[in-house]
Structures are given as C-alpha cells and as structure tokens.
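The values are calculated or read from the model by the stated rules, or taken from the named source; none is laboratory data. Bear in mind that the values here come from a model prediction, so they are computed numbers and not experimental data. Using ideal geometry, Cβ is built from the backbone for each residue, glycine included, and neighbour counts are taken over all protein chains shown.
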Amino acid sequence: MNTELEPGHYRPNTVSSSGVTVAVVPHLIDGKRVETSDRTGTVFNPATGERQHEVPYASRQQTDEAIAAAAAALPGWRATSLTKRTDVLFRLRTLLTEHRDEIAAVVTSEHGKVLADAAGEVARGIENVEFAAGLTDHLKGEYSEQVSSGVDVHSVKQPVGVVGCITPFNFPVMVPLWMIASAIACGNTVVLKPSEKDPSAAVLIAELFAEAGLPAGVLNVVQGDKEAVDAILESPTVSAVSFVGSTPIARSIYERAAVAGKRVQALGGAKNHMVVLPDADIASAADAAVSAAYGSAGERCMAVSVLVTVGDIADDLISAITERIGSLSIGPGTDSSSEMGPLITGEHRDRVASYVDAARESGAKVVVDGREQGFDGDGYFLGVSLVDAVTTDMSVYTDEIFGPVLSVVRAETYEEALAIVNENQYGNGAALFTRDGGVARQFEFDVEAGMVGINVPIPVPVGSYSFGGWKDSLFGDAHIYGPESVHFYTRSKVVTSRWPDPATSRIDLGFPANG
Ligand code: NAD
C-alpha cells in the first residue's frame, strides 16, 4: 500500500496494553509512505515487552526504487540555490525544536531510554542541523588570481551524489541527523536505512524535513535489515556510504563499499576508558563514572565501560560509586523519576548479564550484581553492575558489552594506565580525571583515541567539530558531522581558466609551465 504524504507528519500509533492497534512503520520512498514488504519485523516496547509496531523489511527491489528516487531528485536538489537549501534547514530546526518532546516520546517508546535523555538526544541532533545551515560558508571554494600570466584558478565543492546512510538503534534521532543534515546541505540526495529495532523516529524526521520544504525523493527512508543494506552497497548509483554500528558490521561495510568504489566512512563500537589519577576529586569522579557508565543503560558508544584507577584511590572510588548505585532509580523511561530505562531487547539484556558471570568465573570481584535487583513485568530491565579486579584478558574487558556493566582495572602508575588504554583495540573516547594540568596535557598528547575528555566523561564534540574514533572504532578517514562531513559529502573540482586575446593564440606542444 502506498500513501501520498498527508499534511502534517507521521506519528506512530501507540498500542494499548491489550495490543489492539499495531501500527505499521512505513518506508518513505519518493515522498510516499510504503507500508508493505514481503518480510516484516516487530518493534517492541522495551519497558513492557509488548509488541508495538510492525515494520516492513525492504526488499532489494524496494531499496533500488528508493535509490532511483534519490537519483531522480539529485539534479534538481543540487541545482537548488544555497539560499533555498539554507531556508529548508532553518525551518527544519524550528520544527525539530517545536516537536522535541513528541520526538523524544517516540524514542523512549521504542528504545527505552528515559525521556530527558531522549530529549537531550534530539537537542544534540539539532546541533548538526544548525551546523549544516551554515552551508553557504562551508561550501565556499578558493580562488587564485594570476597563477600564470592571464590564468586564474578556482575550486568548487560539489555533491558526491546519492548517499546511503545506515544507522544503529542507540541514537535513532541523533545519528541519522549526524549524517543527513550535512549530506543534504551539501546538495546530495539520501537513502537512510535506520535500525529495525526503533525505526519510527527516522520517518518522523524525514516527514518534518518534507514539511520544512525538502522536495520528494531527496530523503528516502527504507526500513529493514541486511537485504536493504546489501542493495545499497551493491548499487552502482550510490556514490557514498555513511555507517554507524558495531565493529564487525562496520568493518564489513567499509570493505565492501570500498571494493565497489564508493566513498565510505564506517564508525564502529567502543570500549571507553576513564582514567582516574590519585589527585582527582573522588566525589566528582564517582558522579562522572556513574553517569557515563549507566546513562542510557550503557547503550552509548561514548559510555565509560572501563574505569582505570591509578595508585591507592581504587577502594575509596569504588565505595563512592557503590553508594551512588544504591540510590539510582531504574524504571520505565516515561516515568519522570527514572534515571535509567530498560535495555533494547530481552536477548541483549541476557547477553549483558552473562558477562557478570563470566567475570566472576575468571577471577574478577563482582561488587554489585545488577541481576540482584528484581523488576516486575516483562520489560527488558537489568540493574547496574560494578566489577573490580578486572584484568585485560577477561571477556568483561575485551568485549564491547553495551550495557550497564562497569569494569575496574587497577594500575599503579600513569604510564601503566596509559598503556592499558592504548593497547585496547578500540579508540573511540578516553577520559582523564585529575587536577594536574601538566599530566592532562601529556595524556592529550599520548592517548590513542579520537575523542578525549579532561574531567569530562562523555566527550561528544559539539556540532562545529567532528566526531570519530581511532583504531577499530572507525574505518575510513573521515569523521562524521561538522567540518569533516562537508569534506566527506563533497567532491572538489579545480578550474583553471584564461580569457586570451585570440590574436595571441598559437600552437604549443610543450607541457604548460607557469610564467
Ligand atoms: P549493528 O551493527 O547491529 O547495526 C547497525 C546497522 O547495521 C543497523 O541499521 C542494522 O540493521 C545494520 N546491520 C546489522 N547487521 C547487518 C549485516 N550483517 N549486514 C548489513 N547491515 C547490518 O549495531 P546496533 O546494535 O544497532 O548498535 C550498537 C552498536 O553501534 C554498538 O557497537 C555501538 O558502539 C555502535 N555505535 C557506534 C557509534 C560511533 O559513533 N562509533 C555510535 C553509535 C553506536
């Protein structure tokens, strides 16, 4: 079934506890909602375990239709004046701000994170729209007059073409906006494939974009899984791919897109370390560790999952963290008293919990076991865990758990702590807590991570910088959003020109030399 876009925008129906209405989350292809595919999946409410929506999984043919719509919209959009493109982005910013609470509610209902956190995600996504709205500045070229007698050179930045954007479940609003705001501002057209676990927000954003004046076909949304991703990777019409997700998939997307000759950036998983030096303020470090380890149930790529204590502060810091854990409020994201919601699926919750057993069996000390906190109902809740005496060969350390489990690794010296961070396979973010500016500066110089926090536990850069990790946290050379996104989503062209007097024209077979 195809539905022309109605005035207003898409709102997923909420389902009652008796499960009366299950809305279908549509694809959005060439400005039309498409609600059917041969295969479908179910979107659950993680706080209740209820079946909430059905989501069609795009076939290869449907994905190709979305790619064709994006290709058809490209000539018109890339020729649209920068002023008109800027207008659309300003209107989108207004609409996202006006609908912030509504968008946050959609995120909470499908992802589970608490409403305040979801609203924060929308705000961080709006930052990317604000950056992109400066496109008349970002797209400026360069000009050199008289590089040779009567010869001038200038450069322009042109769109790369049709861009495929593939996003993870954990930030269903912010991560799509990391990509699509800049891609569209730069004159590209887009096929967005959001996570099948929380697909509604992408449709909501795309329809707000349409309401802001974006022509049909410039931003298409295909729902689904690997089949849709394969179609994007294999289409000769797609020129560039932006991906954010887990490391094994990121690596494979990078390799396959590169072999197909596409420009690609693929951001992967993380294991972020927070190093606490003996001179740090224990209470502030404990507050930061609890916030960054357990916020959004640890399902953030910038979550702190390893605490590296230096010297003799470990016991004091662990007791300060344990005390704070005791007063954390875990419950449905819609409850304003909840500080942490459920995990995304029951399967993921069980996988996260299994790491606590594995840690105990391998000799670590489980200080707080999240499974001991019981929860009523069928939601995917899990209490938070704190594991001490972790060593770097244990699975609780080596694997990205992506849940509310904080490992403590004890180091004797700064050098030992630094070596632990740098030897880890991931390099997304790293934080240092200290009052010593000299050591902080040295850490900034030494640490192998793309984003560094000094007394800041989640150093997600503001929208005017770019976001990206090192090592197995990013495949490709361009970080996402901010200035590097303008570079990623444009191709530069250099034009050399002269306007000679025909009377001076002559044949010259030599290689042109300047003069
Ligand atoms: P995921 O890798 O399972 O899925 C990401 C996307 O890839 C989804 O759209 C999914 O449908 C698709 N996908 C899944 N399997 C695929 C396959 N075999 N072939 C092609 N496509 C496939 O990740 P997730 O569980 O949705 O998200 C959590 C992960 O994302 C974590 O590892 C987290 O660290 C990472 N993440 C990283 C960043 C970053 O900036 N580095 C940001 C957010 C999330």
State yes or no: is E423 surrounded by fewer than 21 Cβ atoms within 10 Å (Cβ to Cβ), closer than 25 Å to S246 by Cβ and within 22 Å of the chain's Cα centre (by Cα)? no
Of (1) within 12 Å of the ligand (Cβ to nearest atom); (2) in contact with a strand residue (DSSP E or B) (Cβ under 6 Å, 6 or more places away or on another chain); (3) under 14 Å from L406 (Cβ atoms), G298 satisfies every one except (2)
The listed residue being within 16 Å of the ligand (Cβ to nearest atom) and within 30 Å of P46 (Cα to Cα), out of D350, D369, D357, D378: D350
Please verify whether E142 is closer than 23 Å to S464 by Cβ, at pLDDT 95 or above and of a type in the set (D, E), treating the condition exactly as stated. yes
May I ask you to verify whether E127 is touching a strand residue (DSSP E or B) at 6+ places or on another chain (Cβ under 8 Å) and acidic (D, E)? no
Test V486 against the criterion of being closer than 21 Å to M174 by Cα and loosely packed, with under 14 Cβ neighbours inside 10 Å, and give yes or no. no
Candidates A320, A303, A280, filtered to the one that is away from the ligand (no atom under 16 Å from the Cβ), buried (at least 22 other Cβ atoms within 10 Å of the Cβ) and within 27 Å of R441 (Cβ to Cβ): A280
Considering only the stretch 174-215, state which residues are among the small types (G, A, S), surrounded by fewer than 24 Cβ atoms within 10 Å (Cβ to Cβ), touching a helix residue (DSSP H, G or I) at 6+ places or on another chain (Cβ under 9 Å) and over 17 Å from G161 (Cα atoms). A212, G213
Within the stretch 135-149, how many residues are part of a strand (DSSP E or B) and of a type outside the set (F, W, Y)? 5
Any pair with Cβ under 7 angstrom, 6 or more apart, that starts in the stretch 472-486 at a residue that is within 13 Å of the ligand (Cβ to nearest atom) and ends at one that is modelled with pLDDT under 95 and not in a loop (DSSP other than H, G, I, E, B): none
Residue check for G510: closer than 30 Å to S149 by Cα, part of a loop (DSSP other than H, G, I, E, B) and touching a residue at least 12 places away in the same chain (Cβ under 8 Å): no
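The rows are residues; the columns are (1) surrounded by fewer than 21 Cβ atoms within 10 Å (Cβ to Cβ); (2) within 20 Å of the chain's Cα centre (by Cα).
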site: P75; (1), (2): yes, no
site: T86; (1), (2): yes, no
site: L92; (1), (2): no, yes
site: L115; (1), (2): yes, yes
Here the residues within the stretch 467-478 that are surrounded by 24 or more Cβ atoms within 10 Å (Cβ to Cβ) and in a loop (DSSP other than H, G, I, E, B) are G469, S473
Identify all residues within the stretch 163-178 that are more than 9 Å from the ligand (Cβ to nearest atom), outside any loop (DSSP other than H, G, I, E, B) and either at pLDDT below 95 or within 15 Å of Y481 (Cβ to Cβ) (or both); write none if there are none. V163, C165, P176, L177
Identify all residues within the stretch 479-488 that are closer than 15 Å to A240 by Cα and assigned to a helix (DSSP H, G or I); write none if there are none. E484, S485, V486, H487, F488
Spot the failing condition for A123; the list is (1) buried (at least 21 other Cβ atoms within 10 Å of the Cβ); (2) of a type outside the set (S, T, N, Q); (3) closer than 26 Å to I344 by Cβ; (4) away from the ligand (no atom under 16 Å from the Cβ), and only one is missed. (1)
Among S336, S354, S291, which is in the same structural domain as D388 (by TED's automatic domain parsing) and part of a loop (DSSP other than H, G, I, E, B)? S336
Selection status of D152, closer than 27 Å to D335 by Cβ and not in a loop (DSSP other than H, G, I, E, B): no
Please state which one of V462, V456 is within 16 Å of the ligand (Cβ to nearest atom), modelled with pLDDT of 95 or more and either part of a loop (DSSP other than H, G, I, E, B) or within 21 Å of N422 (Cα to Cα) (or both). V462
